[in-house]
Amino acid sequence: MHITDTGEMDNKITLNHGSGGKLTGELVREVFTSRFGMTEPLTDSAVIEHSGSDIAFTVDSYVINPIFFPGGNIGKLAVCGTVNDLAVSGAIPLYISASFIIEEGLPLDDLVEIALSMAEEARKAEVRVVTGDTKVVEKGKCDKLFITTAGVGKVREMFRETGTGVRVQADDRLIINGPVGNHSIAVMSARKQLGFATGVISDCASLNHLIGKVLDKVQGIHFMRDLTRGGLATVLNELASITGMGMEVNEKEIPVEEPVKGACEMLGFDPLYLANEGKVLFVVAEEDTEKVIEILRNDPLGKDASVIGRVTTERQGLVAMKTISGGTRILDMHSGSQLPRIC
């Protein structure tokens, strides 16, 4: 497992192992992928050839605290997260399963509201929840409600390798569809023990229709990844690692809403590492940049889209950010969790 700063072996799981950053990667690789025979790079969905066509298959669990937050709840989050993992893999999401672990004492009205949210989000995303499972555990054995989903989609042949990074080239442009950090701050504001309110709404949304508009009109989409645990900086580091190229971003071009900036300054958080549930990074051929921006900005989920940087052959394997003050800052892979239980 992980070697601590003191040189001792850490043989216990901590919340930091669920951060989506460096320790999560170590956990997945050292415990799971080596034993399951999985190959790198690890993507948001597995792409599997079946009967002459490719399907994308993904699975995720949701343990967010609290289960209701400004802009959504654990049910909406589960559908959006599953749909987005399929969409960024170049697939058209089709079917979802949902498994519920319910703590004794959860108000039935809360469960009904969550189920209705899931049904509504599935309808908007044009996917079907087709199977599932339900378990109830004793009070204190679960934190109200945990949901596990799996999703299946049909892969667009041209974009089969979009999640792997193999198509990324020098001078490709890095584009995101809007401000980062909203989800984490919205969830934080809903945690009563923090006594902190910001008015920030989670960006939780299904992105398959937005992504579909781009893929229908642009061939030069070389990579996509939704910016969930670990945020923008973590995804950029993962991309730099799997491609061996450098990522150069411009701080002034990365959209962050003022209330999110204020909350981060107050609490010592970096918005570039905060989780999002409605943001995607596109890596786009230079000549297609303006077309992608135009498509995104004509959709409510991409109205604040921005070109934040480019892929370069310099600083290979690293992410370098030109700061507002004119300097350069290396964005490392985060080793801890700024805010646990965020998805």
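The values are calculated or read from the model by the stated rules, or taken from the named source; none is laboratory data. Because the structure is a prediction, the values reported are computed rather than measured. So basically every Cβ, Gly included, is an ideal-geometry build from the backbone, and we count neighbours across all protein chains shown.
Brief remarks on what is shown
- Among the residues of the range 41-63, those that are closer than 20 Å to residue 281 by Cα and part of a loop (DSSP other than H, G, I, E, B) comprise 41, 42, 43, 44, 45.
- Unique residue being aromatic (Phe, Trp, Tyr) and either under 17 Å from residue 71 (Cα atoms) or in contact with a helix residue (DSSP H, G or I) (Cβ under 7 Å, 6 or more places away or on another chain) (or both) when the list is 100, 146, 159: 159
- Whichever residue in the range 101-115 is under 17 Å from residue 72 (Cβ atoms) and in contact (Cβ under 8 Å) with a residue 24 or more places away in the chain and, among such residues, is surrounded by the most Cβ atoms within 10 Å (Cβ to Cβ): 114
- Selection status of residue 164, in a strand (DSSP E or B), under 21 Å from the mean Cα position of the chain (by Cα) and either modelled with pLDDT under 95 or not assigned by TED's automatic domain parsing to the domain that holds residue 297 (or both): no
Here is a yes/no grid of residues against (1) within 24 Å of residue 332 (Cβ to Cβ); (2) modelled with pLDDT of 70 or more; (3) β-branched (Val, Ile, Thr):
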site	(1), (2), (3)
1	yes, no, no
6	yes, no, yes
9	yes, no, no
13	yes, yes, yes
18	yes, no, no
35	no, yes, no
44	yes, yes, no
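- Residue ID - surrounded by the most Cβ atoms within 10 Å (Cβ to Cβ), chosen from residues in the range 308-328 that are touching a strand residue (DSSP E or B) at 6+ places or on another chain (Cβ under 8 Å) and among the small types (Gly, Ala, Ser): 309
- Restricting attention to the range 288-307, the residues that are crowded, with 19+ Cβ neighbours inside 10 Å and among the polar types (S, T, N, Q) total 2.
- Qualifying residue in the range 147-161 (condition: among the polar types (S, T, N, Q) and part of a loop (DSSP other than H, G, I, E, B)): no
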